[in-house]
Amino acid sequence: MRQACDASLLRLGVDHVDLYYQHRVDPEVPIEETVGAMAGLVEAGKVRHLGLSEAGAETLRRATAVHPIAALQTEWSLWSRELETEIVPTARLPGIGLVAYSPLGRSRPRTWRASATPCRAASPPAPATRRRRWRCSTAENPRRRRTYLRP
């Protein structure tokens, strides 16, 4: 992690990063170990604040026990509201900012587009890709989303 941060600082031509994220929590590595390594970057003056991406509520609690987390980046959209029950309250207590991605969803119905290109069902991704696990990649989602938009 230190090498990746040093390389980023060099490429950017800066001496520190304001917010350094771990994107996608690795289930094989305890979050305490990852956040501990990231905290070392804060102590070294290379990073000012830490962020996590796609962390669940329990992971967030364990991470904040090691070092303050400034931001959590996660999908929060019209169709992905599950985080409102547990993750939002968990993040609110220590003052963690939520950075929502895909607030309008990952695919848009044809009525949202300026072009006349029809909205087709997404073809399923190859079995080896990470996208296969995402609910938004299923062929059913474009049809299901259209029902929300009917007058």
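The values are calculated or read from the model by the stated rules, or taken from the named source; none is laboratory data. Just so you know, these numbers come straight off a predicted model, no measurement behind them. Because the Cβ atoms are built from the backbone with ideal geometry, glycine has one as well, and the counts that use them run over all protein chains shown. For the accessible areas, the whole protein counts, side chains as well, though only heavy atoms, and no ligand, DNA or RNA atoms are used. Shrake-Rupley method; radii C 1.70, N 1.55, O 1.52, S 1.80 Å.
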- Item | Where GluC sites (Glu not before Pro) fall in DSSP loop in region 1-87, at most 10 other Cβ within 10 Å | Glu28
- Query: Hey, if we sort Arg81, Arg11 by accessible area with the 1.4 Å probe, largest down, what's the order?
  - Reply: Arg11, Arg81
- Query: Between Glu84 and Asp15, what is the label-to-label distance in nm when each label sits 7 Å out along the Cα-to-Cβ direction?
  - Reply: 4.6 nm
- Task: Calculate, for region 48-97, the solvent-accessible area per residue in square angstrom, rolling a 1.4 angstrom probe over the heavy atoms of the protein chains.
- Result: 50 Å²
- Message: Per residue of region 76-88, what does 6.51 cos²θ - 1.76 cosθ + 1.60 with θ = phi - 60° give for ³J(HN,Hα)? Whole Hz please, x for Gly and Pro, Karplus curve as stated.
- Response: 9, 9, 4, 10, 10, 10, 4, 5, 5, 7, 10, 5, 4
- Note on the structure: Residues meeting the amide H criterion for Leu98 (H placed from the backbone, H to H distance under 5 Å, 5 or more places apart or on another chain) are Leu72
